[in-house]
Amino acid sequence: MSRILTGIQSSGRPHLGNVLGAIKPAIELSQQPENESFLFIADQHSLTTIKDGALRREYIRAVASAWLAFGLDTTKNVFWRQSHVPEHTELAWYLNCYTPFPMLANAHSFKDKSERLSDVNAGLFTYPCLMAADILLYDANIIPVGKDQKQHIEMTRDMASAVNNQVGEEVFVLPEAQIDERIMTIPGIDGQKMSKSYNNYIDIFLPANELYKVIKKIVSDSTPLEEPKNPDTDITFKLYALLATDEKVDTMRQNYLNGGYGYGHAKKELYELIIHQFAEPRERFTYYMENNDALERELRLGEEKARAVASKTIQRVREKFGFN
Ligand code: ADP
Ligand code: TRP
């Protein structure tokens, strides 16, 4: 039995890149009988950047609703908000005291943002300690993450080893990162990596007319309608190919190559495919966004299960550290 754990920052509304790159693969892993999945919303991590409470509340709800919309089974898995399990921050403090300054100063996540040190808060600097606490609190073995998080998992292993060596026994399980190289980087509407930070994302949960407006903004070249087009360099085609059946992709490819088929036609087909393929998740997303009580019930259930595990680990750690 592997204990899989991963956290999702609530730093915006989830987009197509998050859905295909993180949410769907994690739900598939959680459905394998040999796995036990712990999936949580890293809402305290989002405080390193987002300060507005109302915005945070909305993003937490949107991220939680997206996981439930894609069928996360909360009876078999554990799904909760980091901020509702105080053991995360308690363990983060202990780990802070076992982490050498240069290790944190070398973190890419910090270095990337540290051009002007006066703009950096201490939370951003010690971010990896909170992340390590998230993992070590649950004795997790496997951490599915994107490549950008690999260093954080290595740091988690270093922190766990530092404690284990000092205490002289295995207080913490050493986790392994699982980086799925098959997961492709989904392009945004401008062709760069789709990301909240580039404002180039497709929010598949938008109302239909707004979704269509975003899809119409996908960048294309100016080849006239009648002329043949190259599907392999076109963003609309790339996005369509990620979602459609092989047969449909072949048909669209032929349409591009034959000419007489405009980018507007392709965008309309992409829009219709998204609406059709995500009809059920879109409906469930709206349901949870509009029924906060139902959403809260799911999260409370997870909190209870998470706390049961977390409080045992914290007891074990407090005892080793002489706090009880
Ligand atoms: P963003 O870049 O929008 O801020 P995050 O860094 O919060 O996204 O990523 C959350 C999860 O979604 C991560 O597991 C990440 O690997 C995945 N993800 C984000 N953008 C993409 C993308 N364009 N293609 C594939 N996966 C992505
Ligand atoms: N830092 C991760 C990210 O930005 C989110 C995260 C927080 C996480 N705690 C975690 C991921 C624990 C895996 C395990 O994507």
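The values are calculated or read from the model by the stated rules, or taken from the named source; none is laboratory data. As the structure is a computational prediction, the values presented were derived from the model and not from experiment. A quick note on method: Cβ atoms are made from the backbone with ideal geometry, for glycine too, and the neighbour counts reach across all protein chains shown. Ligands, DNA and RNA are excluded from the accessible area calculation, which covers all protein heavy atoms including side chains. Shrake-Rupley method; radii C 1.70, N 1.55, O 1.52, S 1.80 Å.
The residue of segment 75-99 that is most open to solvent (accessible area, probe 1.4 Å), among those that are aromatic (Phe, Trp, Tyr) and more than 15 Å from ligand 2 (Cβ to nearest atom), is TRP93. For SER114, are the conditions met, namely being in the same structural domain as VAL171 (by TED's automatic domain parsing) and within 16 Å of ligand 1 (Cβ to nearest atom)? In short, no. For PHE205, indicate whether it is farther than 30 Å from PRO281 by Cα and either in a loop (DSSP other than H, G, I, E, B) or at pLDDT below 95 (or both). Spelling it out, it is not the case that PHE205 is farther than 30 Å from PRO281 by Cα and either in a loop (DSSP other than H, G, I, E, B) or at pLDDT below 95 (or both). Is it fair to say LEU301 is assigned to a helix (DSSP H, G or I), surrounded by 14 or more Cβ atoms within 10 Å (Cβ to Cβ), in contact with a helix residue (DSSP H, G or I) (Cβ under 7 Å, 6 or more places away or on another chain) and modelled with pLDDT of 95 or more? No, not satisfied.
Total residues in segment 155-194 satisfying the condition of being β-branched (Val, Ile, Thr), away from ligand 1 (no atom under 16 Å from the Cβ) and not in a helix (DSSP H, G or I): the figure is 2. Applying the set (1) among the basic types (Lys, Arg); (2) within 16 Å of ligand 2 (Cβ to nearest atom); (3) modelled with pLDDT under 95 to ARG157 leaves exactly one unmet item: (3).
PHE321 passes every criterion in (1) among the hydrophobic types (A, V, I, L, M, F, W, C); (2) under 30 Å from ILE135 (Cα atoms); (3) free of Cβ contacts under 8 Å to residues at least 12 places away in the same chain; (4) open to solvent by 40 Å² or more (accessible area, probe 1.4 Å) apart from (3).
Taking only segment 4-60 into account, find how many residues are assigned to a strand (DSSP E or B) and either within 9 Å of ligand 1 (Cβ to nearest atom) or closer than 18 Å to HIS152 by Cβ (or both).
11
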